[in-house]
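What follows is calculated from the coordinates using simple rules that are stated; it is not laboratory data. Bear in mind that the values here come from a model prediction, so they are computed numbers and not experimental data. For neighbour counting, all protein chains shown are included, and Cβ atoms are generated from backbone atoms with ideal geometry for every residue, glycine included.
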């Protein structure tokens, strides 16, 4: 593929990564605020937007790999950061809630709160995006190996 085009796409992908990073921090901040406030702040509604941005980033990255075979086996581990971060935070929140005997799952007025459930969904969606991107990469490697 034409090198200037690939360089341009890599630059765009880098920008998309940093946008994902920023939105990840915002989503995590909102999720933690919702969890620790015990209902004072409602569960964040950013999940669908956040997951959509991650899908755009992951698909763009895989498209670059598909268009430029030399990028397939290379690649950084930046995407893994999002997965590990959400898994660690979610597991930590479950542990905190367990150790506090569901203190953060029940509001001061006695209502059941679902912020930890929404955080779990985001963590699972981020993990699913990561796994699907890895599967696409493996499929492309297999296709290119057959053609060589």
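Here is how the numbers come out for the structure above:
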{"item": "Simple spin-label estimate for residue 67 and residue 140 in nanometres, 7 Å along Cα-Cβ", "result": "1.1 nm"}
{"item": "FRET efficiency, 1/(1 + (r/R0)^6) with R0 30 Å, evaluated for residue 45 and residue 91 via beta carbons", "result": "0.80"}
{"item": "Computed label-point distance, nm, for sites residue 18 and residue 37 using a 7 Å Cα→Cβ extension", "result": "3.0 nm"}
{"item": "Angle in degrees between helix 115-147 and the longest Cα principal axis of the chain, rounded to the nearest 10", "result": "10 degrees"}
{"item": "Point-to-point label distance, residue 147-residue 98, nm (Cα→Cβ direction, 7 Å offset)", "result": "4.7 nm"}
{"item": "Ratio Rg/Rh [Cα only; Rh per Kirkwood] for segment 15-105", "result": "1.10"}
{"item": "Exposure proxy order (Cβ contacts within 10 Å, fewest to most) of 138, 32", "result": "138, 32"}
{"item": "Length released on extending from residue 59 to residue 112, taking residue separation times 0.36 nm less the Cα-Cα span", "result": "15.4 nm"}
{"item": "Residues residue 7 and residue 78, FRET efficiency given R0 of 22 Å [Cβ-Cβ distance, rounded to 0.05]", "result": "0.80"}
{"item": "Using alpha-carbon coordinates, inclination of helix 78-99 to the longest axis of the chain, degrees", "result": "20 degrees"}
{"item": "Segments 14-27, 50-63 sorted - mean Cβ within 10 Å per residue, highest first", "result": "50-63, 14-27"}
{"item": "Value of relative contact order over segment 16-134, rounded to a whole percent, pairs C-alpha under 8 Å and six or more apart", "result": "35 percent"}
